[in-house]
Every structure is written in structure tokens, then in C-alpha cells.
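The values are calculated or read from the model by the stated rules, or taken from the named source; none is laboratory data. Small disclaimer: the values here were computed from a predicted structure and weren't measured. Here the Cβ positions follow ideal geometry from the backbone for every residue, glycine too, while neighbour counts run over all protein chains shown. These accessible areas exclude ligands, DNA and RNA; they are computed on the full protein's heavy atoms, side chains included. Shrake-Rupley method; radii C 1.70, N 1.55, O 1.52, S 1.80 Å.
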Amino acid sequence: MSTSRTSARPPDAEPAEGAKAGGSTATATTGRTASATADAPSAADSPDPTRRLTPLAMGIPPAAHPLLGWLIPAGLAVIGAVLRFWRLGFPHSLVFDETYYVKDAYALSQSGYERNWAEKANDLFNQGDPSGILTTPEYVVHPPLGKWILSLGIDWFGVDDSFGWRFSAALFGALSIFILARIATRMFSSVWLGGVAGLLLCVDGEHFVHSRTGLLDLFVMFFVLVAFGCLILDRDWAQRRLGRLAALPWRRGWLTPARFGPSLGLRPWRLAAGISLGLSMGVKWSGLYALAAFGIMAVCWDWSARRRVGVAQPLRAALAKDAGPAFVSLVPVALVTYVLCWSGWIFTSGGYDRQWGAEHRGWWSALPDWLTSLAHYHYTAYKFHVGLDSEHPYMSNPWGWIVQWKPTSFFYESPTAGQNGCTAEKCSSAITSVGNPVIWGAAVVVIVVLLGAWALRRDWRAGAILAGLIGTWGPWFLYQERTIFTFYTIVMVPFVVLGLTYCLGLLWGTSSGVRGQRLPAGLMVRRLAVGVVLAGAVFAFCFFYPVYTGEVIPYDHWQWRMLNPSWI
């Protein structure tokens, strides 16, 4: 887009691709432009019900490099997949909570519900022998979907193949790199920043370790991320539709478009977000918090969109015309999806508490037995979760999560000379779930910048990233006495990465010079700083790679990588 076209855009239009910070968000460069993308009303915008807005004036990012916008995320996902699948079967033993989830996944594939295991069943399972499984149902406190997903790899590669135990996690991890890069490309209208986001996720340690371990939390992250992307698409779709409808003749009156604006009808991307949030809850209940945060975020976006097309009472309009449909598209859809995740337990008879409804009659007897049994199961599981306060060497407080104060050790062995390839007097083989220090070292600054960008400029991008952090991190502050772990931050990782990408886009800046002309010295320094951050993140990943993958290294080399005494 030429300079003349950029300067001629409507005053509340989003900047064109060439005017963005490195093709990035331009909210740092023009306060008026940032105000136009606000999620809350601004006194500077007086509604004009007669104006006609194009999609560009509505703040819809213009299409930029459509082919590269798909090829670069795909290429980063392939690189991420190679890194995650390489030596995925090591160690050939259950690590950390795989002792629960991998065996539960096998039980689900055999029976449709989790079953108990005999003592020392891990030793047999590590040898590819699942004969330690018992016929009695096991009481578990997490929904079954994540374990169903893990069971796919076990079915495809066999119970004796540790590669298969972790296959699904590695696959979903690689896919999430592609999805995040696409989301960043869309949010910032920049192929460059989309690639930055994908690269940062590819080299983050939390994401990398979870992608190589048969746990559940990566699947929560995946479905929350998909829901976030669907809501970004819904925002664009709704604004385009409002822009077209705003061009129609306006009518006056309390319930006319001039006062409340038109209804938008069925919103398929919002329905897709509801399904994805239900799937995240079907892995772990913590997906419920993202549902609440994203629901509020979506209504705020509708409020902002109606204000910008000139609706006289945008807040009332959003509550009257958008809040109800948003609730229906998200909450009931997510609930139905969540219940369907329990299909194996519902349609079999041997699961834990499955017969509780039939054995305990009461005022609820008119309801189906499976429903009352499921409700009772959830009641007991909730009591377990909120009452879990047993000590654990790796338990942590959510205040320290944002700086990875107390990472979780998934696996550790200390071979001596001649054992497992150890060439020193004493060696270490460790898998530590710790985030990339460059990414997480900047996280506090990132949050401050996001808060400033949203509070001072009402940049919707900053608000959206903060909503993701609120939904995935904030609720844990209510359970500070509960036994919780830093590895839960895997669900936060995409939003930390998006926040850092946002800040790097601001630092990259924008150039209004003629092509080929030398950039100003200050801008060159800022762009060099962006390059240093990205190179530092890649270097840190390479440096920590041995303690992400369990490589046998000399003990002092392992100590070099334990940057904080709290990591040990």
C-alpha cells in the first residue's frame, strides 16, 4: 500500500501493512489509531449513525503476503515437529505424571474408563507388559479427553513403544506452533511478527518439554489457543458484517438499528470457540477459567464494534443483542461438548461411581442415572481438588510462575563413569520443565507494557493477550495454599509469547523512508535489539536442550544450567 493511500485512510482506520511496526501492530506509533482499535468507548469518538465504514475503516487487518502467511507458520511447525519427535521415546520409562495418564490412556482404550493397577505395575508397563491392569475401576479427578488423545499414539504404535506414549503430545505441540503463528499474523497483520511468535513458541522450554511428555496440560493449552484464534476470526467477521450493515439506511427509534444496531445472526467462529473451550475443559477443569475470560472479552469487542459504527447506545446494544447469543454460543455449547467427552464412561457400566445414581434414590431420581452419577462424581472430584494441600518438593506459588521461579523436574538420573554413556566421574540425565529464560525473563516487562498499551491506548491486541493471561494464570491465585506446580504455566505460554511478540513489534518500529534509504540510527539500534532477543532465545534453547531431553552430561554441566538455586 502506497504512502498516499496510507495517509488518506479514514481517521479511525487501522494502519496499513506498510505503516505497521515491521508489519506489526502500529498502536505504539499513533495514539489516535490505537484509540480506534479500543475495546471500550472513547470520548473522542462521537457516534455518527449516518457514516458508512469500509472493512478497512472498521479495523480489519488488510491481507498481506497471503502465501507467506501460511508457508512460514507451516515451516516453523515442521521444524518444531522434528525437534519434538527426535528421540521422543527416551527415556523408555514413565516419567513424572505419565505414571497416571499414560496408563489411564491405555485403560480407556481397553474399557472406556480408567482402571486400577497392581503394585509395581510401572515396572511391567515400562517393559511393554500391561498385565498389571486390574478389573476394578479407578477414581480419577481429571476428565478423560486428554487421556483419550494419548491413547491414539498407544493404539497406533503399541503399548510397548514409549514413542507412542508421547506421540499425541508431540503432534499437538507442533500443530500449536502453526496455530499461534497464524494467530499472530492475523492479530498484528504481519507475516514477520507471525514468524517471530512461531519461532518463540518453537524454542520455549515449557512447550518443548510438554510436547515430549505424556501429560494433559499441553492439550488444555492447545484447545484454549484454538478457541482464542476462533474468537479473533469471529471479531473480524463481526466487524466486517457490521461495516456492511452500517452502510444501509438508518432508522430512528428505541429498538431501531440507529439506537442498538442490527443483530448479527449465527456466528460460526464463536460456536467453534465454544466447542474448543468445551474440549479444553474435557482435558482439565482449568479450561473453565478461559471460558469466562474469553466470554467477557468477546462481549467487550462487540461493544467496541457497535460504538465504532455509530450505534447511539453501544453498551446497551452489546448487552441486548450480543451478550445473550455470546453466552449461548459459548457456555451451553462448551457444556454439551464437555459432557460428550465423558462418553466412554457414560456408555459403559463399569466406571467409578457409574452406578451411584441407580444405588442412591432421591429427589433427583427423575433424572437419568448416568447424569446424577456424573454430577456426584464431579462433586467428589471438586472436593479433592480444592482440598489438595499435601507437600511436594516441586510445589510452587503462582506469583513465581511468571519468572519460572520453581520449575518442575520430570526426570532425573545420576549415572557414574561408564554408565549410560557417562564419560565423567559423575553425570546427570535430567528433564526439567523450565521456560526459555530469555522469553520468561522478559515476561514481567511484557505485562507492564501490555497494561500500559491497553490502559492508555485501548489497543485491543494488548487487551486480548491480557485476557488470555487472566484466564490461564489469574485464577490460580485463588488456590495459593493448594498443591500446584509451575508446569501449569504451559497454558500461559502462548500468551506470554504473543505479549513478547507485541513488544518486539513496538521495538522494531516503523520506517517512513524511501525504499533503499538508510534507516535512522535509533531505529537500526532498536531493530538490532530485536535480533539480539531472538538470537538469545534460540541460543538459550540450544544451551538448555540437554536438560529438556534427558541427555547424559557431566554433572557440572548440569549445574551450569541451573541458573537459580530454586531450580534444584
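Rg over Rh for the stretch 357-399 works out to 1.27, both radii taken from alpha-carbon positions and Rh defined as the Kirkwood radius. For residue 526, the accessible area of its heavy atoms, probed at 1.4 Å with every protein chain present, is near 90 square angstrom. Entry comment: accessible area of the stretch 115-274 is 33 Å² per residue, from protein heavy atoms only and a probe of 1.4 Å. May I ask you to give the percent of accessible area on the stretch 163-235 that is carbon plus sulfur, with a probe radius of 1.4 Å? Accessible surface attributable to carbon and sulfur in the stretch 163-235 totals 83 percent. Taken over the stretch 57-159, the ratio of Cα radius of gyration to 2.2 N^0.38 Å equals 1.56.
Computed over the stretch 312-390, the P(r) tail beyond 22 angstrom holds 48 percent of alpha carbon pairs.
Remark on the stretch 201-346: Rg and Dmax equal 18.1, 60 Å (Cα only). With a Förster radius of 25 Å applied to the beta-carbon distance between residue 71 and residue 545, the computed FRET efficiency rounds to 0.45. Per-atom-type breakdown for the stretch 434-568 gives carbon and sulfur 69% of the accessible area (1.4 Å probe, protein chains only).
Its residue count N fixes a reference of 2.2 N^0.38 Å for the stretch 279-428, and the Cα radius of gyration divided by that reference is 1.65. Projected label points at residue 392 and residue 92, each 7 Å from Cα along the beta carbon direction, are separated by 2.9 nanometres.
The residue among 398, 462, 444 whose Cα reaches farthest toward the positive pole of the charge dipole of the stretch 393-473, with charges on the beta-carbon of Lys, Arg, Asp and Glu, is 462.
Distance between the modelled labels on residue 382 and residue 347, one decimal in nanometres: 2.8 nm (7 Å Cα→Cβ projection). All Cα-Cα separations within the stretch 106-220 were binned at 10 Å from zero, giving a P(r) of 14, 35, 28, 14, 8, 1, each value a whole percent of the pairs.
Simple spin-label estimate for residue 528 and residue 156 gives 4.7 nm between the two label positions (7 Å along the Cα-to-Cβ direction from each Cα).
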